[in-house]
Structure formats: C-alpha cells, structure tokens
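These notes are about the structure you will find just below.
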Amino acid sequence: MKKLVLIRHAKSSWDDPFLNDHERPLAERGYRDAPRMAQRFKKKDIYPDAIISSDAVRAKSTALIFAENLHFPKEKVKFNESLYMASSNTILNEIKKTKNNIKILFVFGHNPGFNEFIEKMGEDIDNLPTTGLFGFKFEVADWEEISKKNAKFWFFDYPKRKED
C-alpha cells in the first residue's frame, strides 16, 4: 500500500504586492499554522518516508517546517520547480517517479493543481485551504500504478477544523 499526503503551502504574505509570486514568503499566520498542522501528524503517528515540494518560497518554507516538526532530515526534502503551480497531470507524473521503497509520500504545493488532482482521484473538494492536508491510500505496490480506480480517501484536515 502507498499513502500520499498533499499539503498546500501555509498562508503567504502579501505585504509586498509587487513581489514575484514565486518569491512570496509565509505570513505570520502561515508560520503559526504549519507547525500546528505538523503536530497533528505526530499525534496520529504519521511520518513521511519522502517529501517533495514546489520550489516556491512559501511551499519550501512550509515543507521545511513540517520536516523539522516530524524529525525528517531537511537535507532530504526534494524541491522541484515543476511542482510550482503545477497541473494535476504534472503532479501525478511527479508522484509516479517516487521510488517504490517509499510507503508514505508528502507533496507540498499549490492550488488550483491540488484541487484538480483530488477531484481527478475521485474525491469532491471545494477548496484545499492553506496548510490543508489531504490524504489518499492506494492499494498498489508501485507508485506508477496509482490512479482514480485504486485511490481511497484517507483523511482531510485543515487549520480551522476542530481536532478530534
């Protein structure tokens, strides 16, 4: 079984409206929400075997905060420019490149691609909010085999949702 967690970057700062979108940093709320959401994984004993992230500043920062909170080696986080504002097809293609020894993969990125990907895998979502987490399970041995027909909903969580 393979487990996939999509994590939308934390809230970004709009203090400088002229800043290049790729360079936009996290807002204060983003720095507050990211560690809180990472701690929810810790409470549920969910740890990544691999982390890939968009190379946009806000996604990188979010991924590194999660890595730190989950004691995942920061130098093993892979930053991928093709995940920046990626389509659902690009996201799927990047996930399919994952080595098969990886059981739990965390992917950090952006909307609208994540919303499209979730829907493409057969789930309904209005919007994956900032620092939102969406998990799938796939009954496959090989990441190459993941598709809508073997995707199963695992969980959906976000900062404003009350904890169990």
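The values are calculated or read from the model by the stated rules, or taken from the named source; none is laboratory data. Since we're looking at a predicted model, the values are computed, not measured. Glycine gets a Cβ as well: all are built from the backbone with ideal geometry, and neighbour counts include every protein chain shown. With ligands, DNA and RNA removed, areas are computed over all heavy atoms of the protein, side chains included. Shrake-Rupley method; radii C 1.70, N 1.55, O 1.52, S 1.80 Å.
Please determine, by comparing only the residues of the range 81-93 that are within 16 Å of I146 (Cα to Cα) and of a type in the set (A, V, I, L, M, F, W, C), which one is most open to solvent (accessible area, probe 1.4 Å). Let's see the steps before the verdict.
To start, the set of residues in the range 81-93 that are within 16 Å of I146 (Cα to Cα) comprises 88-93.
Pick out the ones that are also of a type in the set (A, V, I, L, M, F, W, C) and you get 91-92.
Values: I91: 4, L92: 21 Å².
Here the answer is L92.
Considering only residues in the range 151-163 that are surrounded by 15 or more Cβ atoms within 10 Å (Cβ to Cβ) and not aromatic (F, W, Y), the one that is nearest to G122 (Cα to Cα) turns out to be A151.
Would you check if I146 is open to solvent by less than 10 Å² (accessible area, probe 1.4 Å) and either without any contact (Cβ under 8 Å) to a residue 12 or more places away in the chain or over 11 Å from the mean Cα position of the chain (by Cα) (or both)?
Details: open to solvent by less than 10 Å² (accessible area, probe 1.4 Å): yes; either without any contact (Cβ under 8 Å) to a residue 12 or more places away in the chain or over 11 Å from the mean Cα position of the chain (by Cα) (or both): yes.
For I146, the condition - open to solvent by less than 10 Å² (accessible area, probe 1.4 Å) and either without any contact (Cβ under 8 Å) to a residue 12 or more places away in the chain or over 11 Å from the mean Cα position of the chain (by Cα) (or both) - is met.
Taking the range 127-139 as the range and being open to solvent by less than 40 Å² (accessible area, probe 1.4 Å) and in contact with a Lys or Arg (Cβ under 6 Å, 6 or more places away or on another chain) as the test, the residues that pass are L128, T130, G132, F138.
The set of residues from the range 61-79 being closer than 18 Å to K44 by Cα and open to solvent by 80 Å² or more (accessible area, probe 1.4 Å) comprises E68, H71.
For the range 94-112, give me the residue count where each residue is more than 13 Å from S53 (Cβ to Cβ) and either open to solvent by 50 Å² or more (accessible area, probe 1.4 Å) or not in a loop (DSSP other than H, G, I, E, B) (or both).
Step one: of the range 94-112, the residues more than 13 Å from S53 (Cβ to Cβ) are 96-104, 111-112.
If we keep only those that are either open to solvent by 50 Å² or more (accessible area, probe 1.4 Å) or not in a loop (DSSP other than H, G, I, E, B) (or both) as well, we get 96-97, 99-101, 103-104, 112.
Residues meeting the conditions: 8.
In the range 113-126, the condition of being free of Cβ contacts under 8 Å to residues at least 40 places away in the same chain, within 19 Å of R40 (Cβ to Cβ), surrounded by 14 or more Cβ atoms within 10 Å (Cβ to Cβ) and of a type in the set (V, I, T) is met by at least one residue.
Report the residue count in the range 1-54 for those that are in a loop (DSSP other than H, G, I, E, B), of a type outside the set (A, V, I, L, M, F, W, C) and more than 15 Å from A67 (Cβ to Cβ).
Narrowing the range 1-54 to residues in a loop (DSSP other than H, G, I, E, B): 1, 9-11, 13-20, 24-25, 27, 44-49.
Adding the requirement that they be of a type outside the set (A, V, I, L, M, F, W, C) leaves 9, 11, 13, 15-17, 20, 24-25, 44-45, 47-49.
Checking which are more than 15 Å from A67 (Cβ to Cβ) leaves us with 11, 13, 15-17, 20, 24-25, 44-45.
Adding up the residues that qualify gives 10.
Checked against the criterion of being without any contact (Cβ under 8 Å) to a residue 24 or more places away in the chain and charged (D, E, K, R), the candidates D49, D15 yield just one match: D15. Taking first residues from the range 22-43 that are over 15 Å from P129 (Cα atoms) and surrounded by fewer than 16 Cβ atoms within 10 Å (Cβ to Cβ) and partners that are modelled with pLDDT under 95 and not polar (S, T, N, Q), no Cβ contact under 6 Å between residues at least 6 apart in sequence or on separate chains turns up.
Among the residues of the range 5-51, those that are closer than 15 Å to F106 by Cβ and of a type in the set (D, E) comprise D45, D49.
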